[in-house]
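Everything on this sheet refers to the single structure shown next.
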Amino acid sequence: GRGGFATVWLATDDNARSHAIKRFSADHGSDTDTEKAANERACLERFDHPNVMRLEDVVKDARGVDALVLTYCEGGDLIKRMKRRTAGTPSD
């Protein structure tokens, strides 16, 4: 998926486990992007909760910006799911 801040890809490791790879958007390599990525990384490193995606690894992309390797959660976008539920549309 893609948002204004990052693009996320689904990847499978050598052990057939699924992960979400989050690569932050480049606004011409601005310091703001690097700062946003660092802030998100710092937040995720502090969380250990079953309802929060776990940070599995961090890799630098070609621009030197952190790309986050996260646990993959099936079910799609949380906000869209919440909106469907609020609108009365059944969700799984």
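The values are calculated or read from the model by the stated rules, or taken from the named source; none is laboratory data. Please read these numbers as outputs of a predicted model, since none were measured by experiment. Cβ coordinates were reconstructed from backbone atoms using ideal geometry, including for glycine residues, and neighbour counts include every protein chain displayed. Note: areas computed on protein heavy atoms with side chains; ligands, DNA, RNA excluded. Shrake-Rupley method; radii C 1.70, N 1.55, O 1.52, S 1.80 Å.
Picking from residues in region 39-51 that are open to solvent by less than 50 Å² (accessible area, probe 1.4 Å) and not charged (D, E, K, R), the one that is farthest from the chain's Cα centre (by Cα) is 42. For the residues 74, 40, the requirement of being outside any strand (DSSP E or B), of a type in the set (Asp, Glu) and over 16 Å from residue 11 (Cβ atoms) singles out 40.
Restricted to region 15-37, and to residues there that are outside any strand (DSSP E or B) and among the hydrophobic types (A, V, I, L, M, F, W, C), the residue that is modelled with the lowest pLDDT is 26. Residues that are open to solvent by 60 Å² or more (accessible area, probe 1.4 Å), modelled with pLDDT of 85 or more and not polar (S, T, N, Q) within region 1-14 comprise 9, 10, 14, listed in sequence order. Residues in region 52-71 that are assigned to a strand (DSSP E or B), at pLDDT 80 or above and open to solvent by less than 100 Å² (accessible area, probe 1.4 Å): 55, 56, 57, 58, 59, 67, 68, 69, 70, 71.
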